[in-house]
Amino acid sequence: MGRASEINAFVKNGTAEGYIEIELKGPAGKPNLIVKRTLVAKNRASSFFLNGQPATGKEVSDKMAQLNVQVENLW
């Protein structure tokens, strides 16, 4: 895992943008949660989506907390 200081460092060289998408198991009886983050290299911008709908970083963090996901613990 790289630890870059600029968001555009996570976009493949020679491409304008990229994305990261994960699917997390939802609570019992509820659907899974799909989190997507798009990254734009040129202007160092990013945006979040929850289940295909635009979301803020705080909304994503709140959902992670509800699912007890420890983002800092990669193992």
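Out of the residues in the range 44-69 meeting the condition of being part of a helix (DSSP H, G or I) and aliphatic (A, V, I, L, M), tell me which one is surrounded by the most Cβ atoms within 10 Å (Cβ to Cβ).
Here the answer is Val60.
Yes or no, residue by residue, for (1) in a strand (DSSP E or B); (2) in contact (Cβ under 8 Å) with a residue 12 or more places away in the chain; (3) open to solvent by less than 70 Å² (accessible area, probe 1.4 Å); (4) of a type in the set (Lys, Arg):
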position	(1), (2), (3), (4)
Arg3	no, no, no, yes
Ala9	no, no, yes, no
Ile22	yes, yes, no, no
Lys30	no, no, no, yes
Val71	no, no, no, no
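Given the residues Gly18, Gly14, which is the only one that is among the small types (Gly, Ala, Ser), over 11 Å from the mean Cα position of the chain (by Cα) and open to solvent by 60 Å² or more (accessible area, probe 1.4 Å)? Outline the logic, then answer.
Details: Gly18 fails: open to solvent by 60 Å² or more (accessible area, probe 1.4 Å).
Going through Gly18, Gly14 in turn, just one is among the small types (Gly, Ala, Ser), over 11 Å from the mean Cα position of the chain (by Cα) and open to solvent by 60 Å² or more (accessible area, probe 1.4 Å): Gly14.
Out of the range 21-54, which residues are more than 19 Å from Asn68 (Cβ to Cβ) and under 11 Å from the mean Cα position of the chain (by Cα)?
Glu21, Lys36, Arg37, Thr38, Leu39, Ser46, Ser47, Phe48, Phe49
The values are calculated or read from the model by the stated rules, or taken from the named source; none is laboratory data. Only a predicted model underlies this, so the values are computations on that prediction, with no experimental measurement involved. In this analysis, Cβ positions are derived from the backbone assuming ideal geometry, glycine residues included, and neighbour counts consider all displayed protein chains. The protein model used for the area step is the full one, side chains on, heavy atoms only, and it has no ligands, DNA or RNA in it. Shrake-Rupley method; radii C 1.70, N 1.55, O 1.52, S 1.80 Å.
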